[in-house]
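Before any comments, here is the structure.
Read-outs: derived from the displayed coordinates by stated rules, not from any lab. As the structure is a prediction and not an experimental result, all values here were calculated from the model. Cβ: placed from backbone, ideal geometry, glycine included. Neighbour counts: every protein chain shown.
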Amino acid sequence: MTGIVVLPPWRIVDTLRVFQPEDPAAVARALEAQKYLPSPELASSVSTALTLHKPLLLEGEPGVGKTTLAAALAAATERSLIRLQCYQGISASQALYEWNFRRQLLALRAAEARGADAQVI
């Protein structure tokens with residue numbers, strides 16, 4: 001199973017529009033405007049994360065829509081989406097503070113060669 005952490009939009013400080021949902025229905029409408037149809041449970045989770053100013057951890061098999069949700073949320077909040085290539089064995093410290101594209105690309109290729117589940121997110 002792979003995972004993605006969606007950083008909350010307030011982590012990027014600027015003077016642009018700040019998206020503060022009134023309720024899960026407002027989050028659902030914002031995501032639907034981006035052509036993403038969230039379940040009521042997902043809209044509630046996103047709304048709660050936004051309201052509490054906390055990151056949201058999404059886990060699931062490849063292809064279930066984790067990155068699509070992140071892209072829709074970024075578009076709804078008028079933010080850039082930074083995609084981080086994750087693979088088994090990468091720590092948060094390595095992913096966030098030791099950005100090394102070549103090393104990550106080599107790890108992805110090695111995982112693919114072993115037939116391991118590797119997903120670019």
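I need the full set of residues from the stretch 18-46 which are part of a loop (DSSP other than H, G, I, E, B) and not hydrophobic (A, V, I, L, M, F, W, C), in order please.
Across the stretch 18-46, the qualifying residues are Gln20, Pro21, Glu22, Asp23, Gln34, Lys35, Tyr36, Pro38, Ser39.
Which residue out of Thr77, Thr68 is among the β-branched types (Val, Ile, Thr) and without any contact (Cβ under 8 Å) to a residue 60 or more places away in the chain?
Thr68
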